[in-house]
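Participant: Quick one: structure below, then a few questions.
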Amino acid sequence: MVFGQQLKSVQIESLHYIPAGSCILIVGGGTGWILEEIANLFPSGLEITYIDKSSKMIELSKKRNYQLNTVEFINAPLEDTSLKHDYYNVILTPFFLDCFSQPTFEVVSEKLDKSLNPLGLWLYIDFYLSAQSTFMQKILVKFMYTFFRLASRIEARKLPDIDSYFSTYNVLAKKMYYHNFIQLQVLQKSK
């Protein structure tokens, strides 16, 4: 309710960075609405792996119109999923990595990193706080973490330190939204 359609519009904007014919990994995609948005840009030619730990979200996602793209649905936590090394051209993690404590974030991110091929793209979309963030943004993050810890039992209590983790990646694009509270980074893995 706070962000309106802003969360969706940032994710839709990120899709324009996907190269045609890509093998894509989407983690924590929720209801699968993004599959239809991808199909609007690429009606065919994509191989997509779609992971969500919620069976309800997977069932909703399977009903989406992803046109002639190939989609493999995996209903499991990412930590329990076996991924091929150097396989994906693009990884999309919209509002996913902020659910983990720093130690789990590093384990999960390392798993994703190993599955991304050299020069592959990681489309990272999430909330962002800095020293310049407003008091209200900091309070909102605390409120969100308290709410989702109770409602969804996420382990995180604060945003992970992504800047140090992605320091070996090339930043191809970085865009800020909602008064610098949401960021989109297009990160390219080095060779």
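The values are calculated or read from the model by the stated rules, or taken from the named source; none is laboratory data. Not measured: the values here are computed from a predicted model. Here the Cβ positions follow ideal geometry from the backbone for every residue, glycine too, while neighbour counts run over all protein chains shown.
Participant: Do we have LEU78 as under 21 Å from ILE51 (Cβ atoms) and modelled with pLDDT of 90 or more here? Before you say what the answer is, go through the steps one by one.
Facilitator: On the way: under 21 Å from ILE51 (Cβ atoms): yes; modelled with pLDDT of 90 or more: yes.
Taking the combined requirement at face value, the residue satisfies it.
Participant: To continue, here is another question. With (1) closer than 23 Å to PRO19 by Cα; (2) exposed (fewer than 14 other Cβ atoms within 10 Å of the Cβ) as the list, and SER55 as the residue in question, which single condition is left unmet?
Facilitator: (1)
Participant: Follow-up. Pick from PHE105, PHE100, PHE73, PHE96: which is closer than 21 Å to LEU159 by Cα, in contact with a strand residue (DSSP E or B) (Cβ under 6 Å, 6 or more places away or on another chain) and of a type outside the set (A, V, I, L, M)? Steps first, answer last, please.
Facilitator: Values: PHE105 fails: in contact with a strand residue (DSSP E or B) (Cβ under 6 Å, 6 or more places away or on another chain); PHE100 fails: in contact with a strand residue (DSSP E or B) (Cβ under 6 Å, 6 or more places away or on another chain); PHE73 fails: closer than 21 Å to LEU159 by Cα.
Result: PHE96 is the single residue among PHE105, PHE100, PHE73, PHE96 that is closer than 21 Å to LEU159 by Cα, in contact with a strand residue (DSSP E or B) (Cβ under 6 Å, 6 or more places away or on another chain) and of a type outside the set (A, V, I, L, M).
Participant: Condition first: closer than 18 Å to LEU7 by Cβ and assigned to a strand (DSSP E or B). Now tell me which residues in segment 174-191 satisfy that. Show your work before the answer.
Facilitator: Going residue by residue through segment 174-191, those that are closer than 18 Å to LEU7 by Cβ are 174-186.
Scanning segment 174-191 gives LYS174, LYS175, MET176, TYR177, ILE182, GLN183, LEU184, GLN185, VAL186.
Participant: Quick check on this structure: which one of TYR17, TYR50 is surrounded by fewer than 20 Cβ atoms within 10 Å (Cβ to Cβ), of a type in the set (Ser, Thr, Tyr), within 16 Å of the chain's Cα centre (by Cα) and at pLDDT 95 or above?
Facilitator: Details: TYR50 fails: surrounded by fewer than 20 Cβ atoms within 10 Å (Cβ to Cβ).
Checking each option against the conditions leaves just TYR17.
Participant: For segment 63-93, how many residues meet the condition of being polar (S, T, N, Q) and either under 15 Å from the mean Cα position of the chain (by Cα) or closer than 23 Å to VAL186 by Cα (or both)?
Facilitator: Of the residues in segment 63-93, 3 are polar (S, T, N, Q) and either under 15 Å from the mean Cα position of the chain (by Cα) or closer than 23 Å to VAL186 by Cα (or both).
Participant: Find all pairs meeting these conditions: Cβ atoms under 8 angstrom apart; at least six residues apart or on different chains; first residue within segment 160-177 and surrounded by 13 or more Cβ atoms within 10 Å (Cβ to Cβ); second residue among the charged types (D, E, K, R) and modelled with pLDDT of 90 or more.
Facilitator: Short answer, once both residue conditions are applied: TYR169/LYS189; LYS175/GLU13.
Participant: Can you list residue pairs whose Cβ atoms sit under 7 Å apart, with the first residue in segment 88-104 being closer than 16 Å to SER22 by Cβ and the second being aromatic (Phe, Trp, Tyr)? Count only pairs 6 or more apart in sequence or on different chains.
Facilitator: Taking only residues 6 or more apart or on different chains, the pairs are ILE91/TRP122; THR93/TYR124.
Participant: Mind checking whether some residue in segment 102-119 is modelled with pLDDT under 95 and farther than 22 Å from ILE26 by Cβ?
Facilitator: Taking every residue of segment 102-119 in turn, at least one turns out to be modelled with pLDDT under 95 and farther than 22 Å from ILE26 by Cβ.
Participant: Taking the stated definitions as given, is ASN65 touching a helix residue (DSSP H, G or I) at 6+ places or on another chain (Cβ under 6 Å), surrounded by fewer than 12 Cβ atoms within 10 Å (Cβ to Cβ) and either on the phi > 0 side of the Ramachandran plot or of a type in the set (S, T, N, Q) (or both)?
Facilitator: Working: touching a helix residue (DSSP H, G or I) at 6+ places or on another chain (Cβ under 6 Å): yes; surrounded by fewer than 12 Cβ atoms within 10 Å (Cβ to Cβ): yes; either on the phi > 0 side of the Ramachandran plot or of a type in the set (S, T, N, Q) (or both): yes.
Criteria met by ASN65.
Participant: Can you tell me which residue is farthest from GLY28 (Cα to Cα) among those in segment 122-142 that are at pLDDT 70 or above and part of a helix (DSSP H, G or I)?
Facilitator: PHE135
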